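The values are calculated or read from the model by the stated rules, or taken from the named source; none is laboratory data. Because the structure is predicted, anything quoted here is derived from the model rather than measured. Note that we place each Cβ from the backbone using ideal geometry, even for glycine, and neighbour counts take in every protein chain shown.
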Amino acid sequence: MNADFFSPSLRRLSLSMALLFSASFAGAHEQHTHTHGQLTMDVAIDAGTIAIAVESPLDNLLGFEHAPRTAEEKKKVEEARAALKAADALWLPDPAARCTLQTVELHSDILAPAAPSDKGKKAAHRHAHDHDDAHDHGAQDGHADLDASIVFACEKPELAKFIDVKLFERFPNIRTVHAQIASPSGQFKRVLDPKSTRLRWGR
Ligand SMILES: [Zn+2]
């Protein structure tokens, strides 16, 4: 990104606008800063569901951000994908809400290619699902992100007061989780670390 073109005040303005947009949960792929060790999750508690939108540098999950080259790297990609697909072992909603994992969507050219069965170059460049260009920004400067969308179906989502986050145990490169929660009792911001892994909100 060519930040040099912008004055510091303009950069501050665009940063605060980006924060505003991400707080609205309107877009699933708002740009967060790409900081290794930091993962962002937006939690939306709605009628019947708890939805979690995750954005993370791939380094947090793999230890690298390029397409896997060695057998060892390919194995890491497979293991990370499998771990994320089993999202109910990484994100454990308050049992009071009586949730079951409904869907997990992973968006990443490296971790979850759009057309894994077709290795042709044409397939790699074809967009199998529509998403905005910002989604791919990370790969251009040697960095790459994962965007994930996780939805739990819950009988009593309004009773949920916390989510236990097991990411730190599975992915030790993650040092902080920055979370925003939109719930019937209001909006909250929390920061988790390996010593504080329960995401709480409300009273
Ligand atoms: Zn990176």
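Across region 61-84, the number of residues qualifying as in contact with a strand residue (DSSP E or B) (Cβ under 7 Å, 6 or more places away or on another chain) and within 18 Å of ILE163 (Cβ to Cβ) comes to 1. Pairs linking a residue in region 40-55 that is surrounded by fewer than 19 Cβ atoms within 10 Å (Cβ to Cβ) to a residue that is in a loop (DSSP other than H, G, I, E, B), with Cβ atoms under 8 Å and 6 or more positions apart or on different chains, are ALA44/PHE25. With respect to SER16, is the statement that it is under 25 Å from VAL191 (Cβ atoms) and either within 16 Å of the ligand (Cβ to nearest atom) or at pLDDT 50 or above (or both) true? No.
The single condition from (1) farther than 14 Å from ALA51 by Cα; (2) charged (D, E, K, R); (3) in contact (Cβ under 8 Å) with a residue 12 or more places away in the chain that GLU105 fails is (1). So for region 119-127 (the condition being among the hydrophobic types (A, V, I, L, M, F, W, C) and modelled with pLDDT of 95 or more), does at least one residue qualify? Taking every residue of region 119-127 in turn, none turns out to be among the hydrophobic types (A, V, I, L, M, F, W, C) and modelled with pLDDT of 95 or more. Just one of the numbered conditions (1) closer than 20 Å to THR176 by Cα; (2) hydroxyl-bearing (Ser, Thr, Tyr); (3) at pLDDT below 95 is not true of SER9: (1).
Counting only strands (runs of 3 or more DSSP E) wholly contained in region 138-198, the ones carrying 1 or more residues that are out of contact with any Pro (no Cβ under 8 Å at 6 or more places or on another chain) and within 16 Å of the ligand (Cβ to nearest atom) occupy 145-154, 176-183.
Can you name the residue in region 160-199 that is more than 18 Å from the chain's Cα centre (by Cα) and surrounded by fewer than 16 Cβ atoms within 10 Å (Cβ to Cβ) and, of all such residues, is farthest from GLY48 (Cα to Cα)? The qualifying residue farthest from GLY48 (Cα to Cα) is LYS195.
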